[in-house]
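Notes to accompany the following structure.
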Amino acid sequence: MKAHRKALEARVEKLSNEKTALDEVNNKLLDKVLEERQRTHEYRINWNSECCKQERKIRKQDMEIRELTRKLMEVEEHALGEAELSKKIKLSLKELQDNMVLKIIEAKMNMELRLMNI
């Protein structure tokens with residue numbers, strides 16, 4: 001009977017040691033999960049901040065395009081009598097619009113790529 005009891009006590013001790021080891025591993029894993037959550041949260045905050053910066057930049061570029069377009073339209077109106085000047089202004093306006101549109105598209109694509117990477 002004593003041998004059976006000692007065997008059971010040894011088994012209980014072994015299981016207790018295994019439980020302690022598993023608890024330690026579990027705690028380490030929980031710490032890693034919490035660290036990863038914190039880093040993810042900080043990354044999202046930074047990413048959201050970056051997205052806001054990109055959106056403001058796009059809006060600013062859009063406003064610049066509108067202002068430049070308005071100015072070019074005014075110049076174009078004054079140059080109606082001069083055909084050559086009018087053609088150059090229209091080409092410049094078109095090039096400017098194309099360049100700004102390409103920049104906006106590029107910025108939007110970069111934002112979408114960042115969204116996909118999250």
Query raised in the report: Taking the simple approach of a point 7 Å from Cα along Cα-to-Cβ for both T20 and E42, what is their distance in nm?
Result: 3.4 nm
Report task. Would you mind ranking V33, V101 so that the residue whose beta carbon has the fewest other beta carbons within 10 Å leads the list? Result -> V33, V101
Query - Lys/Arg +1, Asp/Glu -1 at C-beta; the chain dipole; positive extreme among A7, M100, A21 - result: A7
Report task. At 7 Å along the Cα-to-beta-carbon direction for both Q61 and N117, put a label point, then send me their distance in nm to one decimal. Result -> 1.7 nm
Query raised in the report: Of all the Cα-Cα pairs you can form in the chain, what percent are over 16 Å apart?
Result: 76 percent
Query raised in the report: Given K87/K108; K60/K103; K71/K103; K57/K94; K53/K103, which pairs have Cα atoms separated by over 23 Å?
Result: K87/K108
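Report, in deg cm²/dmol and to the nearest 500, the calculated mean residue ellipticity at 222 nm for the chain, where each DSSP H run with n ≥ 4 adds -39500 (n - 2.57) and the sum is divided by the residue count.
Helices in the chain give a 222 nm mean residue ellipticity of -36000 deg cm²/dmol.
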Query - Point-to-point label distance, A3-N27, nm (Cα→Cβ direction, 7 Å offset) - result: 3.9 nm
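Every number in this text was worked out from the coordinates using simple rules, so none of it is lab data. Since we're looking at a predicted model, the values are computed, not measured. Note that we place each Cβ from the backbone using ideal geometry, even for glycine, and neighbour counts take in every protein chain shown.
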